[in-house]
Amino acid sequence: MNVDSIRSALAIQCLPMGIPEREQVWAAVDRAIAALDASGLSYTVGPFETVVEGPLDRLLEAAAAAHKAMLEAGAPTAATYMKVWSGSGIGTSEEKTGKYRAAGH
């Protein structure tokens, strides 16, 4: 089995810490999401985490870039929580959530 060809999904939650103002926190999270966007991978933003899809190695590189982006945005400390799922037939975010988004949820 070629592990590099197996589809993976990464749920990533980036938490900039030690920033007193809510707008600054959100700006640091925006920088983390911009780093995920720059990866060129498919992603879906949610209120608590973002799901990124693609090859496992690229997902982990994108996660590192997002984590670094929070620190570069001025967060004194940062925490990144991740869940990784890999395998054949795991489906896409659209397949799993499309019917709910179409219904306005």
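The values are calculated or read from the model by the stated rules, or taken from the named source; none is laboratory data. Please read all numbers here as calculations on a predicted model, not as lab measurements. Here Cβ is always computed from backbone atoms with ideal geometry, including for glycine, and neighbour counts include all displayed protein chains.
From (1) touching a helix residue (DSSP H, G or I) at 6+ places or on another chain (Cβ under 6 Å); (2) at positive phi, pick out the condition that doesn't hold for LEU36.
(2)
Can you name the residue in region 72-95 that is aliphatic (A, V, I, L, M) and assigned to a strand (DSSP E or B) and, of all such residues, is nearest to the chain's Cα centre (by Cα)?
Going residue by residue through region 72-95, those that are aliphatic (A, V, I, L, M) are 73, 75, 78-79, 82, 84, 90.
With the extra rule that they be assigned to a strand (DSSP E or B), the set shrinks to 78-79, 82, 84.
Details: ALA78: 14, ALA79: 13, MET82: 8, VAL84: 11 Å.
For region 72-95, the residue satisfying everything is MET82.
Considering only residues that are more than 10 Å from GLU49 (Cβ to Cβ) and in contact with a Gly (Cβ under 9 Å, 6 or more places away or on another chain), which ones fall in region 1-22?
Passing the criteria: ILE6, ARG7, SER8, ALA9, PRO16, ILE19.
Could we say that GLY40 is touching a residue at least 24 places away in the same chain (Cβ under 8 Å), of a type in the set (Gly, Ala, Ser) and surrounded by fewer than 17 Cβ atoms within 10 Å (Cβ to Cβ) here?
no
With under 28 Å from GLY91 (Cα atoms), touching a Cys at 6+ places or on another chain (Cβ under 9 Å) and of a type in the set (Asp, Glu) as the only criterion, which of GLU49, GLU53, GLU61 stands out?
Residue meeting the stated conditions: GLU49.
Looking at ALA66, ALA79 in this structure, which one is loosely packed, with under 13 Cβ neighbours inside 10 Å, among the small types (Gly, Ala, Ser) and at pLDDT 95 or above?
ALA79
If a residue must be part of a helix (DSSP H, G or I) and over 14 Å from the mean Cα position of the chain (by Cα), how many such residues does region 7-42 contain?
Going through region 7-42 one residue at a time, the tally reaches 6.
If ASP4 satisfies all but one of (1) more than 25 Å from HIS105 (Cβ to Cβ); (2) modelled with pLDDT under 95; (3) not in a helix (DSSP H, G or I), what's the number of the condition it fails?
Only one criterion is unmet by ASP4, namely (3).
Here is a check on your reading of the model: is VAL84 within 30 Å of ASN2 (Cα to Cα), touching a residue at least 12 places away in the same chain (Cβ under 8 Å) and surrounded by fewer than 17 Cβ atoms within 10 Å (Cβ to Cβ)?
yes
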